[in-house]
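Right, one structure below, let's go through it.
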Amino acid sequence: MSRIQLKDLAYARSGDKGDICNIAVIAKEERFYPLILEYLTADAVKEFFGEMVKGRVDRYEVPTLHAMNFVLRNALGGGATRSLRADFTGKTMCQALLRVEFDVAESDLALMH
């Protein structure tokens, strides 16, 4: 097993509306997409953000773009007009997600090289 960060495999963009954040994750190369699909599940995203995300996390796959979109509900402390958090928007959540680390099987690492 080897440890890698999502930033080595993907780009990300995020946005928000009310108390919902969405994060798009786009594979840097087509060959990375299956690896991201396997390791970056909705449960993994929910676990990574912990108590910050109080609602469910859904993953929507966009295979033609080698991308996926995560929708994080109840994730912004109530949203811009209610939150007491220092960063109450979802704009920076994609940068945080790019730091997520995976223990990747050696056989899966072959996809990276």
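Structure values in brief
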item: Mean Cα-pair separation over length for the chain, i.e. relative contact order, pairs under 8 Å, 6 or more apart, %; result: 40
item: Segment 29-41 - phi-based ³J(HN,Hα) in whole Hz, Karplus 6.51/-1.76/1.60, Gly and Pro as x; result: 9, 3, 5, 7, 4, x, 5, 5, 4, 5, 9, 9, 8
item: Top of TYR33, TYR60, TYR11 by mean-square fluctuation, Gaussian network on the chain, Cα under 10 Å; result: TYR60
item: Long-range HN-HN contacts of VAL104 with modeled amide H, under 5 Å; result: SER2, ARG3, ILE4
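Here, each number is a calculation from the coordinates, and none is a lab measurement. If you're wondering where the values come from, they're calculated on a predicted model, not measured in any experiment.
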